[in-house]
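Encoded as structure tokens, here's the structure I'll be asking about.
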Amino acid sequence: MGKQKKARKYATMKRMLSLQDQRLKKKDRLKPKKKEKKDPSARKGREVPQHPSCLFFQYNTQLGPPYHILVDTNFINFSIKAKLHLVQSMMGCLYSKCIPCITDCVMAEIEKLGQKYRVALRITKDPRFERLPCTYKGTYADDCLVKRVTQHKCYIVATVDRDLKRRIRIEKIPGVPIIYISNYRYNIEQMPDDYGTPRF
């Protein structure tokens, strides 16, 4: 019988000695890692989010006239499209004095939009708008608004952005109402019963 042909193996690697092999010299060997023994007396700490003292169940005691309203970029743009006066329409919705607040992130976002949105930029520079310095390290305005609302519960968020609305509701930030635009006027969202499900 003839000699059987062996198929050549592709992508085979040369076998290498591990750095802990006994055949290597002591100075070339890798030192074994020492396992740290866990202290059985040390207890694992569990963080429980503390509810803010301003909330009495779902009722936010910090909300009251004059209302401070955090305004989002797209809310201003949609207000211009719907030909709504920002401050007057807010006062018509809430039947009280309103102070629209704008963060540095939102201002930067409007400035980045360029010449097309110069009307929005002129509206935000109105002296009735309160300018809030931004402590958030980043350029995304939605993150900045969410962080500010979680820290201070004294704001109402004015936005048309579905993602931002969902974030405020899903992250279960209690006691934060949302103002949105529908049928060419401002509406305020009812406070949810169980933080996630709206009541009717």
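Could you work out the percent of alpha carbon pairs in region 66-189 separated by over 23 Å, rounded to a whole number?
Across region 66-189, Cα pairs with separations above 23 Å total 23 percent.
Given LYS97/LYS147; LYS125/LYS165; LYS83/LYS116; LYS81/LYS116; LYS97/LYS153; LYS83/LYS153, which pairs have Cα atoms separated by over 20 Å?
LYS97/LYS147; LYS125/LYS165; LYS83/LYS153
Could you check how much of the accessible area of region 66-189 is carbon and sulfur, as a whole percent, using a 1.4 Å probe?
Roughly 52 percent of what the probe reaches on region 66-189 is carbon or sulfur.
Any chance you could check the Cα centroid distance between region 71-89 and region 162-177 for me, in angstrom?
20
Right, something else. Could you report region 66-189's accessible area per residue, 1.4 Å probe, as an integer in Å²?
53
The values are calculated or read from the model by the stated rules, or taken from the named source; none is laboratory data. Since this is a predicted model, take the numbers as computed values, not measurements. For the accessible areas, the whole protein counts, side chains as well, though only heavy atoms, and no ligand, DNA or RNA atoms are used. Shrake-Rupley method; radii C 1.70, N 1.55, O 1.52, S 1.80 Å.
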